[in-house]
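Participant: Attaching a single structure in structure tokens format; questions to follow.
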Amino acid sequence: MPFARSLDEASDSYLVAVTQPKFGSEGGKFIVDSEEKRSSDESFDEEKARILWEKSLAWCELEEMLSS
């Protein structure tokens, strides 16, 4: 898998995100190799996000949250 990373490599982005002041002002940043990157176009698809949210609620048996 060409894009797979080891656990150590993957955790580096989390460590950078929580320790570097430049990432502390706001959440929701996509950090790769210690740099902020734009996530995929697909990640901005609100319809796909809604479907994933609804399915996640169903998988966790939390469908009642849909009416909130």
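Read-outs: derived from the displayed coordinates by stated rules, not from any lab. This structure is a prediction, so every number in the text was calculated from the model and none was measured. Cβ coordinates were reconstructed from backbone atoms using ideal geometry, including for glycine residues, and neighbour counts include every protein chain displayed.
Participant: Which of Ala58, Ala49, Ala17 moves the most in a Gaussian network model of the chain with Cα springs under 10 Å?
Facilitator: Highest fluctuation of the listed residues: Ala58.
Participant: Which entry is the computed Cα Rg over 2.2 N^0.38 Å for this structure: [x] 1.50; [y] 1.18; [z] 1.45?
Facilitator: Answer label, from the structure shown: [z].
Participant: Also, I was wondering about something else. Let me check against my output: what whole-number percent is the relative contact order of the chain, with C-alpha pairs under 8 Å and at least 6 apart?
Facilitator: 17
Participant: Rounded to the nearest 20 debye, what is the charge dipole size of the chain about its Cα centre when +1 sits on each Lys and Arg Cβ and -1 on each Asp and Glu Cβ?
Facilitator: Roughly 200 debye, rounded to the nearest 20.
Participant: What 222 nm value per residue comes from the helices of the chain, counting each DSSP H run with n ≥ 4 as -39,500 (n - 2.57) and dividing by all residues, nearest 500 deg cm²/dmol? Mind showing how you got there, number by number?
Facilitator: Working: 2 runs with 27 residues, N = 68.
Taking each H run of at least 4 residues, the total per residue is -12500 deg cm²/dmol.
Participant: Sticking with this structure for a sec: Counting only pairs 8 or more residues apart or on different chains, how many lysine pairs in the chain have their Cα atoms under 22 Å apart?
Facilitator: On the way: Lys22/Lys37; Lys29/Lys37; Lys29/Lys48; Lys37/Lys48.
Value for the chain: 4.
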